[in-house]
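Following: one structure in structure tokens, then a few remarks.
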Amino acid sequence: MSQILLQQIITMGAALMLLISFALLAQKRMLSLLHWFALQGIVLAAVTALVAYTSDNTELYVSAAITLVLKGMLLPWVLWKIIRQMHVHREVEPLVNIPVTMLIAAALVVFSYQVTLPIEHLSHLITRNTIAVAMANVLLGMLMMITRKKAITQVIGFLAIENSLFFAGVGATYGMPLVAELGVAFDVLIASVVFGLFFYQIRDTFESLDLNKMENK
Amino acid sequence: MNWFTFLLGAPLVAALWLAFDAHPYRSAWVNKIAAALTFVASLGLAVQVLESGRIMVWDDWFFIDAFNVFLVALTAFVATTTAIFSGPYMRHELEIGKIDSGRLRLYHAMSQLFVFGMFLGQTSNNLGIVWLSLEIATLATVLLVSLYRTPGSIAAAWKYLIICGVGISLALFGTAMLYFASSDVLGHGDAALTWTLLYASADKLDPTVMSLAFVFLMVGYGTKVGLAPMHTWLPDAHAEGPTPVSAVLSGLLLNLALYSLVRCKMLVDVSTGTHFAGNLMMGFGLLSLLVAGFSLHKQHDIKRMFSFSSIEHMALMTFTFGIGTPVANFAAMLHMTTHSLVKSAIFFTVGHAAQAMGTQVMSNIRGLINHQPGIGWGLLIGTCAIAGFPPFGVFTSEFLIFSAALQSYPWTVIVLLLGLLIAVAGLFRFVPDMTYGEVPEYAKQVHANMLPVYIHFALALLLGISIPGFLAGWYHQAAALIAGGGV
């Protein structure tokens, strides 16, 4: 019973994560981008908690709580504060137009399934889809980083990649050991602080968060 | 056990202390003493390991064997000489107003934190912590690269942060896949990420999953090693950061990334029973060697030029570890040692040269030997040493690399030879112009601290003329360990 339930939860989580990754790529406005990013964190936390419940893994509750607070609330809120405080232009400004981006994204998903095909056949755990989706999410996060102009959107792409990695850990292996999970969470926190510091340094030095200006220094 | 506490404790305590101590002389001394303590501790550990084999510390969370103790000692040594060098160098930067006392605190604290991250990664028995320590070392050096707050340094640090951030995420994905394979065998929990337990049951791990995991680990850690085509962060980070940072980036950080990769390779080799991981490393190595060789010719900035030479040598080591025979491993470790020694010494010299001429642009650096012979000869000797001229140690290790390659994959020698020749030609295209000739009028005398440089050269020379017996035994032990899959 619980095995079937677990399978369904993880599959649904995978579907939602993939959907949100596409939604992140499709956004035109900063605020809605941050909403979707926060939603991704919340979905991740919910899936983690449900997996913790069905697989009786108490360590995972800790991870779920950290994820909810850090990725679902704190980081989106801080990013929004920064955008408001630094008067960043509210539009996303993609370098490649959105329909083309979506097509590339779809191709990346197919590619991920192709690459991970040999693994799924021999999995003992319930990992149908999860590894493929996690890899697709990582690639979509990278796509977002390279097709957006602003430093902030790059960081959101980076954090979305971290989210997908976390999902890979939870979905494919029911969570990495607590030490690793805590380490990663700590790292995301510190990295965000460093990112924040850099936003201010970049703005003060280049008078904009537009990365094109940085390249043509 | 006690030595180990010192090794991890000294940099951590020093980092905390230095974060609050802005006194230019005292903080430089604390920096030096902490580094020297770790060096003493690393020697203590080395003696223990050579006498009694692998040591497990703190409930098996950390372990020290012949392979990592060699790196720990090398790291501690270069960290110590860098601390000696950075005292007067950073004081000069403080005097000319490139940094203020707050930045000096940041510099010292982050240097020590970086050293702590290095030791943590090298001695940790847990793959998760190895990953984390690379990230700590990266974040610490990102802040160091942007220390001058110039537009160039901020752009370089941002590039470094983003590219290595993504690279290291891929390594985490690889680690998660590895855990996916190992938790089937070793059960759910910390055991499945513990090197020593993984090595013991490597043959039971699923080969398909391990191969895929290694692809991600290769790209992820390879980014940090500076392999092409993920190398683009490296020249910028080296050129824009303060000189001591360029020295430790080239001399130490790249080694840690390569070390992690080799550890993973040892595991994947046993699991797959094929030479897949080694082939991948050899491929990346050869590609990077050529890319670095050609790129070297196009540089204008002296630090960028030498950072491409770092890519070249890291590529050579990656290739050699990829061959995987005991001879190759021996050669690669020797090369790691000699490269770290010579390259950090070159960066020290380059730092002084740039201070004396007030620029890093190579066409404006002229007549160093006439201006300040210590710096000029240092640069010339260093360039000869890194180019692999006898009797320096780089020659010995490159000779061994060629022998190992000839033994196992003869055709690769052509590519190796081509890559090395192109790179050497690049070095000698620029360096003689900088060392000889008339002194330009804008040159000014700087207080050069060449002692660490000549110590490094002397050691490289010693390694080239005759490797001391105990050191050779040490390398043999480590090389056999790597070739034997860690058991």
Consider residue A:31 carefully, then state whether it is assigned to a helix (DSSP H, G or I), more than 15 Å from the chain's Cα centre (by Cα), farther than 30 Å from residue A:178 by Cα and not basic (Lys, Arg). yes
Do you know which residues across the stretch B:162-193 are within 7 Å of another protein chain (Cβ to nearest Cβ) and either under 30 Å from residue A:196 (Cβ atoms) or among the aliphatic types (A, V, I, L, M) (or both)? B:162, B:165, B:166, B:169, B:172, B:173, B:176, B:193
Kindly provide the set of residues from the stretch B:354-367 that are touching a His at 6+ places or on another chain (Cβ under 9 Å) and assigned to a helix (DSSP H, G or I), ordered by number. B:355, B:356, B:357, B:362, B:363
Within the set of pairs 6 or more residues apart or between chains, which connect a residue that is surrounded by fewer than 24 Cβ atoms within 10 Å (Cβ to Cβ) inside the stretch B:340-357 to a residue that is part of a helix (DSSP H, G or I) with Cβ atoms less than 8 Å apart? B:354/B:243; B:354/B:302; B:354/B:303; B:355/B:89; B:355/B:92; B:356/B:368; B:356/B:371; B:356/B:375
Looking at the structure I just gave you, is residue A:117 assigned to a helix (DSSP H, G or I), at pLDDT 85 or above and of a type in the set (A, V, I, L, M)? no
If the Cβ limit is 9 Å and pairs must be 6+ apart or interchain, which residue in the stretch A:96-119 that is more than 14 Å from every other protein chain (Cβ to nearest Cβ) pairs with which residue that is of a type in the set (Phe, Trp, Tyr)? A:102/A:22; A:105/A:22; A:106/A:22; A:109/A:22
Just to check your reading of the model, which residue among B:130, B:115 is more than 14 Å from chain A (Cβ to nearest Cβ), surrounded by 24 or more Cβ atoms within 10 Å (Cβ to Cβ), touching a helix residue (DSSP H, G or I) at 6+ places or on another chain (Cβ under 8 Å) and closer than 30 Å to residue B:199 by Cα? B:115
Which condition from (1) away from chain A (no Cβ under 14 Å); (2) crowded, with 23+ Cβ neighbours inside 10 Å; (3) part of a helix (DSSP H, G or I) is the one that residue B:214 breaks? (1)
From (1) more than 23 Å from residue A:173 (Cα to Cα); (2) surrounded by 14 or more Cβ atoms within 10 Å (Cβ to Cβ); (3) more than 14 Å from chain B (Cβ to nearest Cβ), pick out the condition that doesn't hold for residue A:67. (1)
So, in the stretch B:196-211, of the ones that are aliphatic (A, V, I, L, M) and surrounded by fewer than 18 Cβ atoms within 10 Å (Cβ to Cβ), which residue ends up nearest to the other protein chains (Cβ to nearest Cβ)? B:197
Is there a residue being under 18 Å from residue B:221 (Cα atoms) and among the aliphatic types (A, V, I, L, M) anywhere in the stretch B:324-332? yes
All but one of (1) crowded, with 20+ Cβ neighbours inside 10 Å; (2) within 25 Å of residue A:105 (Cβ to Cβ); (3) among the small types (Gly, Ala, Ser) hold for residue A:52, so report the exception by its number. (2)
Anything in the stretch B:147-161 that is of a type outside the set (A, V, I, L, M) and either in contact (Cβ under 8 Å) with a residue 60 or more places away in the chain or more than 7 Å from chain A (Cβ to nearest Cβ) (or both)? List them, or say none. B:148, B:150, B:152, B:153, B:159, B:160
Looking at residue A:47, is it buried (at least 20 other Cβ atoms within 10 Å of the Cβ) and either closer than 19 Å to residue A:172 by Cβ or without any contact (Cβ under 8 Å) to a residue 12 or more places away in the chain (or both)? yes
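Residues are listed down the side, and each one gets a yes or a no for (1) surrounded by fewer than 22 Cβ atoms within 10 Å (Cβ to Cβ); (2) closer than 19 Å to residue B:302 by Cα; (3) of a type in the set (D, E, K, R):
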position: B:366; (1), (2), (3): yes, yes, yes
position: B:369; (1), (2), (3): yes, yes, no
position: B:378; (1), (2), (3): no, yes, no
position: B:389; (1), (2), (3): yes, no, no
position: B:403; (1), (2), (3): yes, no, no
position: B:408; (1), (2), (3): yes, no, no
position: B:419; (1), (2), (3): no, no, no
position: B:423; (1), (2), (3): no, yes, no
position: B:430; (1), (2), (3): yes, yes, no
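The values are calculated or read from the model by the stated rules, or taken from the named source; none is laboratory data. The model shown is predicted, which means the values in this text are computed figures rather than measured ones. Quick reminder, even Gly has a Cβ in these numbers, built from the backbone with ideal geometry, and neighbours come from all protein chains shown.
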